[in-house]
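The values are calculated or read from the model by the stated rules, or taken from the named source; none is laboratory data. Keep in mind that what you see is a predicted model, and the values were worked out from it rather than measured. FYI the Cβ positions are ideal-geometry reconstructions off the backbone, even for glycines, and counts take in every protein chain you see. Quick note on the areas: whole protein, heavy atoms, side chains included, nothing else; ligands and nucleic acids left out. Shrake-Rupley method; radii C 1.70, N 1.55, O 1.52, S 1.80 Å.
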Amino acid sequence: MTDCIFCSIVDGDIPSHTVYEDDRVMAFLDANPLARGHTLVIPKAHHERVNDLPADLATDVFAAVHDLTDRIERAVDADATTIAFNNGTAAGQEVPHVHAHVVPRSEADGGRPIHALIEDRPDVADDELADLAETIGSA
Ligand code: AMP
Ligand code: ZN
């Protein structure tokens, strides 16, 4: 897609520090990293959100995340990683081309878990959890 920064990286029009590439998936270092080794894993084809990905491409992206995570952790001697997608603008996605963030973590980094994303949590009763599970499960 024209004027997509990640498509431009795929096309070689914008440079990147590439750590992995095959015919369908690419991974490169985040230019504004949250930690050393912060890596973005993307499908080469332009899709905006995880929900837009064809199932086989979603599998390819996750396979690359799976392969790279240990390599990233070892490269920067990390204790762990936070792996996340900002999936849609309301969730903070700024670049509208699906990308997994693989962020190296350590006990001392002062970072927080995914549960720190939202402070004002809903109080969801058990019967509503059951209804939601039924709705999602039967959709
Ligand atoms: P998000 O908010 O999930 O859309 O994250 C977009 C990420 O892309 C941010 O972490 C940026 O630092 C990163 N980013 C933007 N432009 C580039 C670029 N040219 N090369 C590498 N990373 C980039
Ligand atoms: Zn794109």
Kindly indicate whether ASP13 is open to solvent by 50 Å² or more (accessible area, probe 1.4 Å) and within 15 Å of ligand 2 (Cβ to nearest atom). yes
Taking the condition over 20 Å from ILE5 (Cα atoms) and surrounded by 10 or more Cβ atoms within 10 Å (Cβ to Cβ), does PRO122 pass? no
Please state which of the following conditions MET1 fails to meet, knowing it meets all the rest: (1) open to solvent by 50 Å² or more (accessible area, probe 1.4 Å); (2) assigned to a helix (DSSP H, G or I). (2)
Qualifying positions in segment 70-103 - within 16 Å of ligand 2 (Cβ to nearest atom) and in contact with a Gly (Cβ under 8 Å, 6 or more places away or on another chain): ASN86
Look at segment 41-54 and say how many of its residues are away from ligand 2 (no atom under 12 Å from the Cβ) and open to solvent by less than 70 Å² (accessible area, probe 1.4 Å). 4
Mind telling me which of the residues ALA75, ALA64, ALA80 ends up being among the small types (Gly, Ala, Ser), away from ligand 1 (no atom under 11 Å from the Cβ) and open to solvent by 60 Å² or more (accessible area, probe 1.4 Å)? ALA75
What single numbered condition from (1) open to solvent by 60 Å² or more (accessible area, probe 1.4 Å); (2) within 16 Å of ligand 2 (Cβ to nearest atom); (3) not hydrophobic (A, V, I, L, M, F, W, C) fails to hold for GLY110? (2)
Would you be able to say whether some residue in segment 23-39 is touching a His at 6+ places or on another chain (Cβ under 8 Å), under 14 Å from LEU68 (Cα atoms), modelled with pLDDT of 95 or more and open to solvent by 60 Å² or more (accessible area, probe 1.4 Å)? yes
